[in-house]
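Let me begin by presenting the structure, written as structure tokens, before commenting on it.
The values are calculated or read from the model by the stated rules, or taken from the named source; none is laboratory data. Everything quoted here is computed from the prediction, not taken from an experiment. Here Cβ is always computed from backbone atoms with ideal geometry, including for glycine, and neighbour counts include all displayed protein chains.
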Amino acid sequence: MMSGSKKTVLAYSGGLDTSVMIAWLKEKHDLDVVAVLVDAGRASGLEDLRKKALSIGAVESYVVDAKDEFAHDFVLPAVAANALYEERYPLVSALSRPLISKILVEVAHKSGAASVAHGCTAKGNDQVRFDLGIRSLDPSLEILAPAREWGMTREQSMEYAAARGIPVPLKKESPFSVDENLWGRAVECGPLEDPRVEPPEDAFEVTMDPADAPDEPEHVEITFDAGEPVALDGREMPLLNLVSQMDILAGSHGYGRVDMVENRLVGIKSREVYEVPGALALITAHRELEDLTLPRELSHFKRGLEQKFADMTYYGGWYDPLMDAIRAFMAETQKRVSGTVVLKFYKGSCSMVGRTSPHSLYDVNLATYSSGDAFSHEAAKGFCELWGLPLEVWARKG
């Protein structure tokens, strides 16, 4: 099948499928597996999972703490782009895949592996994101995707694991498939596959049921510096901590649940449920501050590129040269996006109730209809005549 090194680097999660893959890659392809678990937030029991990979047969096993890198190099550009796929999904999983791909390639270089393996199925978006990410960073690496090759059902995977002494959960597993990181949780499968059915409450973990949320609203002031959120209610904190705190606060009021039928990259529709309280709250605040600080033409033009940013991230194009250019554009737009935004949370809702900035383009003397109005009413008549001149000429020739 392949020549060169007998090592492969596996994107390892510690779950059933990637645990089985350690043994399967050895049996099927005679490969020594280097297991790599990337922590992009919300992970737990990592040392136990690392040891589990070794007990199954991995020759090396690593946990990579990438939370800070994820926050600054992936989440922050997404905030600058107000990135929402199909105007609703903050790209929780899609943002983490290029980071994981990058780390897999780095470990492959250090360990001398000639291939990289992932656990994605043929039906999902992630296979494309991993394949494109790895190929973009090192096209010489072979990409292995056992789940696309072996054709095992979950029951067959369980039997395979039991026959080889691979540890599997003894308790009944959740019917949901969950992917989570600093930026939120993505939940699918089980009862969620029927779009007619309301998501059961046990699908959620970080958001309060809005009906049970506090009876009093809560206000929070978010401070931005050049597009980056840097403080909550005047308390400065690292980006990683701020995102986590925002997640807890917004989720405690039942805000941040998204239930959508999504157009997957592979061409099918999928019912997806997301818990993204911190992500949605920060994007909401950031967009409001941009409305105050960016001039009209820049703001309007940016909206089109925001959609392109979201689409390309979702489609696995993070390392595309066009994305490099879009991220550079987004960074340029953030130079004056500084100030504070006040959000109000109440019973599953989040509303903006105040904003201020030293770079505000809002001039009350121009906007007011009261005394003190500094707008030139005399100039308006001529402006309207010139602005409408092309239409007038068209109408006269009709």
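Here are the numbers for the structure shown:
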| item | result |
| --- | --- |
| Candidate set: region 213-268, residues that are outside any loop (DSSP other than H, G, I, E, B) and of a type in the set (Gly, Ala, Ser); chosen: the one nearest to GLN334 (Cα to Cα) | ALA231 |
| Test: residue in region 286-293 that is within 16 Å of PRO77 (Cβ to Cβ) and touching a strand residue (DSSP E or B) at 6+ places or on another chain (Cβ under 7 Å) | yes |
| Test: residue in region 143-153 that is part of a helix (DSSP H, G or I), in contact with a helix residue (DSSP H, G or I) (Cβ under 9 Å, 6 or more places away or on another chain) and surrounded by 18 or more Cβ atoms within 10 Å (Cβ to Cβ) | yes |
| Counted residues, region 293-323 - those being more than 26 Å from GLU262 (Cβ to Cβ) and either modelled with pLDDT under 95 or not in a loop (DSSP other than H, G, I, E, B) (or both) | 8 |
| Residue among ARG336, ARG287, ARG327, ARG271 that alone is of a type outside the set (A, V, I, L, M) and either assigned to a loop (DSSP other than H, G, I, E, B) or without any contact (Cβ under 8 Å) to a residue 12 or more places away in the chain (or both) | ARG336 |
| Residue check for ALA331: at negative phi and outside the structural domain of GLY227 (by TED's automatic domain parsing) | yes |
| Positions within region 1-48 being assigned to a strand (DSSP E or B) and either basic (Lys, Arg) or surrounded by fewer than 14 Cβ atoms within 10 Å (Cβ to Cβ) (or both), in sequence order | LYS7 |
| Counted residues, region 350-391 - those being hydrophobic (A, V, I, L, M, F, W, C), within 26 Å of ARG336 (Cβ to Cβ) and more than 38 Å from the chain's Cα centre (by Cα) | 3 |
| Meets criteria (in a loop (DSSP other than H, G, I, E, B), small (Gly, Ala, Ser) and over 13 Å from ALA279 (Cα atoms)) for ALA83 | no |
| Residue match in region 56-63 (condition: assigned by TED's automatic domain parsing to the domain that holds PHE130, within 28 Å of the chain's Cα centre (by Cα) and in contact (Cβ under 8 Å) with a residue 40 or more places away in the chain) | yes |
| Residue satisfying condition, being touching a strand residue (DSSP E or B) at 6+ places or on another chain (Cβ under 9 Å) and farther than 23 Å from ASN263 by Cα, within set ALA94, ALA80, ALA71 | ALA80 |
| Residues within region 349-374 that are surrounded by fewer than 18 Cβ atoms within 10 Å (Cβ to Cβ), in contact with a Phe, Trp or Tyr (Cβ under 9 Å, 6 or more places away or on another chain) and under 23 Å from PRO277 (Cβ atoms), tallied | 2 |
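The rows are residues; the columns are (1) assigned by TED's automatic domain parsing to the domain that holds LEU99; (2) surrounded by fewer than 13 Cβ atoms within 10 Å (Cβ to Cβ).
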{"position": "SER157", "(1), (2)": "yes, no"}
{"position": "TRP183", "(1), (2)": "no, no"}
{"position": "LEU192", "(1), (2)": "no, no"}
{"position": "VAL197", "(1), (2)": "no, yes"}
{"position": "MET208", "(1), (2)": "no, no"}
{"position": "VAL230", "(1), (2)": "no, no"}
{"position": "ASP233", "(1), (2)": "no, no"}
{"position": "PRO238", "(1), (2)": "no, yes"}
{"position": "SER244", "(1), (2)": "no, no"}
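Quick grid of which residues meet (1) touching a Cys at 6+ places or on another chain (Cβ under 9 Å); (2) buried (at least 23 other Cβ atoms within 10 Å of the Cβ); (3) assigned to a helix (DSSP H, G or I); (4) not hydrophobic (A, V, I, L, M, F, W, C):
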site: ARG50; (1), (2), (3), (4): no, no, yes, yes
site: ALA53; (1), (2), (3), (4): no, yes, yes, no
site: VAL64; (1), (2), (3), (4): no, no, no, no
site: GLU69; (1), (2), (3), (4): no, no, yes, yes
site: ASP73; (1), (2), (3), (4): no, no, yes, yes
site: ALA78; (1), (2), (3), (4): no, yes, yes, no
site: GLU87; (1), (2), (3), (4): no, no, no, yes
site: ALA94; (1), (2), (3), (4): no, yes, yes, no
site: LYS110; (1), (2), (3), (4): no, no, yes, yes
